[in-house]
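Some notes on the structure that comes next.
The values are calculated or read from the model by the stated rules, or taken from the named source; none is laboratory data. Remember, it's a predicted structure, so these values are computed and weren't measured experimentally. Methodologically, a virtual Cβ is constructed for each residue, glycine included, from the backbone with ideal geometry; neighbour enumeration extends over all protein chains shown. SASA here: full protein model, heavy atoms, side chains in, ligands and nucleic acids out. Shrake-Rupley method; radii C 1.70, N 1.55, O 1.52, S 1.80 Å.
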Amino acid sequence: MTGRRMMAIVVSALAALAACDQPEMRDQAKVEAYETASDLPGGLAEQPRPEGVVARDERIAPAPPRPETTLALLRRGRTLYNNICAPCHSYTGDGRGMVVRRGFPPPPSFHTAALRRAGGDHFYRVITEGRGLMYAYADRVAPEDRWAVVAYVRALQLSQHVQAASLPAALRMRLPEGEAVQ
Ligand code: HEC
């Protein structure tokens, strides 16, 4: 009896294996790993990386040096922040983004004293590794772009706490009535 059962198991295992190895599926045209894809000039390795794609080994690589804050960096950061972070953190960074207004647990405001004191590397690290309920954005935001987002978050923080007296006169005049006296 055990012998027959054993035989039955072996036979069904062989049948299953044969099913995986159907010649038509095995032999269909495909590009093997590391093989040059003949219809792409230079093969796959030479193809430009699509915009916004983060290479696997760049996700958690050591942070690149923090770039100088330029208008271009802030603009890049604004685009990324508005697309990726604002749904939760809101366009102004007060933590009341649309997802939160629909029930997602609210993140802290970026305008607290503690987060204004926090170094830029704290923000870089949270983007890379996530924190608590917030998942990591390392595979969606490239390392240089993380610094762009950090620069923009800094600009948001400044926008809520700047001393009116420190603004140039031309800007001060554009403040709403009452806000110029800070
Ligand atoms: C899906 C919603 C969501 C998105 C998108 C999101 N966050 Fe968060 N974030 C949170 C929540 C929730 C917390 C609070 C996490 C906790 O403490 O459990 C948080 C916390 C943080 C903190 C930590 C604040 C502290 O207390 O130190 C920083 C910094 C931060 N987020 C930055 C960002 C940046 C920058 C982006 C965009 C790249 C982003 N987050 C995208 C939900 C989000």
> Which whole-Hz ³J(HN,Hα) couplings does segment 58-64 yield from phi under the Karplus relation 6.51 cos²θ - 1.76 cosθ + 1.60, θ = phi - 60°, glycine and proline marked x?
Replying inline: 8, 4, 10, 4, x, 4, x
>> Could you tell me the ratio Rg/Rh of the chain? Both radii from Cα atoms, Rh via Kirkwood.
In response: 1.27
> Just the C-alpha atoms of segment 67-161: what Rg/Rh do they give, with Rh taken as the Kirkwood radius?
Replying inline: 0.93
> Rounded to the nearest 500, what is the chain's calculated 222 nm mean residue ellipticity when only DSSP H runs of at least 4 contribute -39500 (n - 2.57) each, over all residues?
Replying inline: -12000 deg cm²/dmol
>> Within 10 Å, at most 15 other Cβ atoms, and a DSSP state outside H, G, I, E, B define an exposed site. Report the longest part of the chain free of exposed chymotrypsin sites (Phe, Trp or Tyr not before Pro).
In response: 35-90
> If you place +1 on the Cβ of every Lys and Arg, -1 on the Cβ of every Asp and Glu, and leave all else neutral, what size is the dipole of the chain about its Cα centre, to the nearest 20 Debye?
Replying inline: 960 debye
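If you add up the charges near Gly77, with Lys and Arg at +1 and Asp and Glu at -1, over every other residue whose beta carbon is less than 11 angstrom from its beta carbon, what do you get?
Counting the neighbours of Gly77, the net charge comes to +3.
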>> Just to verify a number: what accessible area does Arg78 come out at with the full protein assembly present, 1.4 Å probe, Å² rounded to tens?
In response: 110 Å²
>> If you filter segment 45-118 for GluC sites (Glu not before Pro), then keep DSSP loop positions with at most 14 other Cβ within 10 Å, what is left?
In response: Glu51, Glu68
